[in-house]
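Engineer: One structure, pasted below without further comment.
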Amino acid sequence: MSTKRLRILVLVCSTRPGALGPAVGEWLAETLAPCARTLDADLVPLAIGDLQLPFLDEEEHPSTGIYHQEHTRRWSAIVAEADGFVVVTPEYNYGMPATLKNALDYLGPEWAWKPVGFVSYGNTSAGTRAVQHAKQVVTTLRLVPLGSTVAIRIADATREGRFHPAEHLANAAEGLLAELVRVSHALAPLRERECASAVAGPVVGSYARRLVQDDAPEVTVLQRCCWTEEAVANGTLDVPALHESPDQVRAWLADWQTTGLWRDGRLLGMVRTRRSGADLHVGRLAVVPDLRGLGLGRWLLRTAEAAGEGCSRIVLSTGAASTRNLALYQGQGYGPVPTSTDDGVVRLAKTVPA
Ligand SMILES: Cc1cc2nc3c(=O)[nH]c(=O)nc-3n(C[C@H](O)[C@H](O)[C@H](O)COP(=O)(O)O)c2cc1C
């Protein structure tokens, strides 16, 4: 599971003067603040009215991502950054308000594989018909509606003209947020796979993307499980990849270009590269032990080598007794670089064709 803090947009959909929506949104934000802290989620309140979205005025279908209007680009960036949504919606004429439908229609891939929970309000139906209506639409966008809902009957939640919902509604709201966070984490691999920078990997369902500092915990785990074998083979525990803390990993992730190979949220392997003069340094090539022998290492090495354009040499190193690594590197054209140091490390290089 990802360790990234989640960004949850709380979208208040009514725009009428004197609408009840803002009071419901404020109650929700206040009620959920402690729970959100515990769940490592940031709640971002947003009134649909503040987006100043006219009725859909884009020429292209949203799936193209071609947006001519500044308001669309702004809305696209907000939705793309979010990891999930809580929609605070009234029921208008047995359905969702036009404001919500319009805001949904503006975008496409930005919504995909993100959970959406509904907090509805209305008269006898407590807004539930609006939610049913919205659920039918959001699934087309690959939004994933939650089973948990908060449904508020206005007459029961209003005292002396003020919004004052009963305790059980606060509990329902907390349950909804907890479910939203769980589903958002579970859907993270699907979101990643579809992000523009991900490329298909060498085994079915796998994809590669650049690793960022937020990936440090997964990288730390991968390193410890992969370099244990190296330590045993080379008879030493003095292997940096075995000891680095997540903070140390975070630090080098900022300096190196690192590619991670993922499947269903699991980091299967990685490799890092950095240029130094005319050399491309390749390092930390790792594949999880249970998927060795399937060509993942060779695929990662080739991916790393692609970053060597314009360099004259690709250099890497491995333990002198790491026979599996040595066989891989020699098979890919690397030869030993003579060195005077006897530190149990073999340095290898390969010339980059001009
Ligand atoms: C145009 C309109 C249509 C409405 N239709 C329904 C309805 O179908 N079902 C319902 O329970 N309440 C309906 N209501 C009452 C709303 O639930 C109530 O006015 C609520 O406060 C609206 O939310 P808002 O104040 O945030 O706009 C409707 C209100 C409006 C203004």
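FYI, it's all coordinate maths here, none of it is from the lab. Because the structure is predicted, anything quoted here is derived from the model rather than measured. Glycine also receives a Cβ, built like all others from the backbone with ideal geometry; neighbour counts cover every protein chain displayed.
Engineer: When the Cα centres of segment 107-151 and segment 314-353 are compared, how far apart do they sit, in Å?
Structural biologist: 56 Å
Engineer: Rounded if a/c is under 1.5, else prolate if a/b is larger than b/c, else oblate: which is segment 168-234, with a ≥ b ≥ c the root eigenvalues of its Cα gyration tensor?
Structural biologist: oblate
Engineer: Rounded to the nearest angstrom and ordered from largest down, what semi-axes does the equivalent ellipsoid of the chain get from its C-alpha gyration tensor (root of 5λ)?
Structural biologist: Rounded to whole Å, the semi-axes are 52, 22, 15.
Engineer: Okay, next question. Give me the number: length gained by fully extending ASP247 to VAL44, i.e. 0.36 nm times residue separation minus the C-alpha to C-alpha distance, one decimal in nm.
Structural biologist: Full extension of this stretch gives 70.3 nm more.
Engineer: For segment 318-326, take each phi angle, set θ = phi - 60°, evaluate the Karplus expression 6.51 cos²θ - 1.76 cosθ + 1.60, and give the result in whole Hz per residue in order, putting x for glycine and proline.
Structural biologist: 7, x, 4, 9, 7, 4, 4, 5, 4
Engineer: Would you work out which of LEU301, VAL249, VAL315 lies farthest towards the positive end of the dipole of segment 217-354? Charges go on Cβ: Lys and Arg +1, Asp and Glu -1.
Structural biologist: LEU301
Engineer: Read phi for every residue in segment 88-93 and hand back ³J(HN,Hα) as whole Hz from Karplus 6.51 cos²θ - 1.76 cosθ + 1.60, θ = phi - 60°, with x for Gly and Pro.
Structural biologist: Residue by residue, segment 88-93 yields 9, 10, x, 10, 10, 6 Hz.
Engineer: Starting from the 7 Å offset along Cα-to-Cβ, what nm value, one decimal, do you get for the label separation of ARG73 and ALA186?
Structural biologist: Label at ARG73, label at ALA186, 3.8 nm between them.
Engineer: Something else about it: Based only on other Cβ atoms within 10 Å, what is the fewest-to-most ordering of PHE118, PHE55, PHE163?
Structural biologist: PHE55, PHE163, PHE118
Engineer: Right, here's the next one. Which of rounded, prolate, oblate describes segment 206-351, given a ≥ b ≥ c as roots of the alpha-carbon gyration tensor eigenvalues and a/c under 1.5 marking rounded, otherwise prolate only if a/b is larger than b/c?
Structural biologist: rounded
Engineer: If the reach is capped at under 30 angstrom between alpha carbons, list the lysines near LYS135, excluding any in the same chain fewer than eight residues apart.
Structural biologist: Filter leaves LYS4, LYS101, LYS114.
Engineer: Please compute the Cα-Cα pair-distance distribution of segment 6-187 with 5 Å bins starting at 0, giving whole percents from short to long.
Structural biologist: Distribution as computed: 1, 8, 18, 22, 21, 16, 9, 3, 1, 0 percent.
Engineer: Could you please rank CYS195, CYS311, placing first whichever residue has the fewest other Cβ atoms within 10 Å of its Cβ?
Structural biologist: Working: CYS195 12, CYS311 19.
Starting with the residue having the fewest Cβ neighbours, the order is CYS195, CYS311.
Engineer: Let me ask something else about it. Provide the percentage of antiparallel DSSP beta bridges, counting only those with both residues in the chain; round to the nearest 5.
Structural biologist: Close to 55 percent.
Engineer: A follow-up question, please. Rounded to whole Å, give me the distance from the Cα center of segment 187-232 to that of segment 1-71.
Structural biologist: After rounding, the separation between the Cα centres reads 30 Å.
Engineer: Also, quick follow-up: What FRET efficiency comes out for the pair ASP290/ALA254, r = Cβ-Cβ distance, R0 = 22 Å, nearest 0.05?
Structural biologist: 0.15
Engineer: How large is ³J(HN,Hα), in whole Hz, for each residue of segment 147-153 in order, when computed from phi with the Karplus curve 6.51 cos²θ - 1.76 cosθ + 1.60 and θ = phi - 60°, using x for Gly and Pro?
Structural biologist: x, 5, 9, 10, 10, 10, 7
Engineer: Let me ask something else about it. Run the helix sum for the chain: -39,500 (n - 2.57) per DSSP H stretch of 4+ residues, divided by residue count, reported at 222 nm to the nearest 500 deg cm²/dmol.
Structural biologist: Per the formula, -11500 deg cm²/dmol.
Engineer: Express in nm, to one decimal, how much length is gained between SER312 and GLU229 on full extension, taking 0.36 nm for each residue of separation and deducting their alpha carbon distance.
Structural biologist: Net length gain for the segment: 26.7 nm.
Engineer: Hey, with R₀ at 35 Å, roughly what FRET efficiency would HIS61 and ARG7 work out to, going by the Cβ-Cβ distance, to 0.05?
Structural biologist: Working: r = 26 Å, r/R0 = 0.75.
Given R0 = 35 Å and the Cβ-Cβ separation, E is 0.85.
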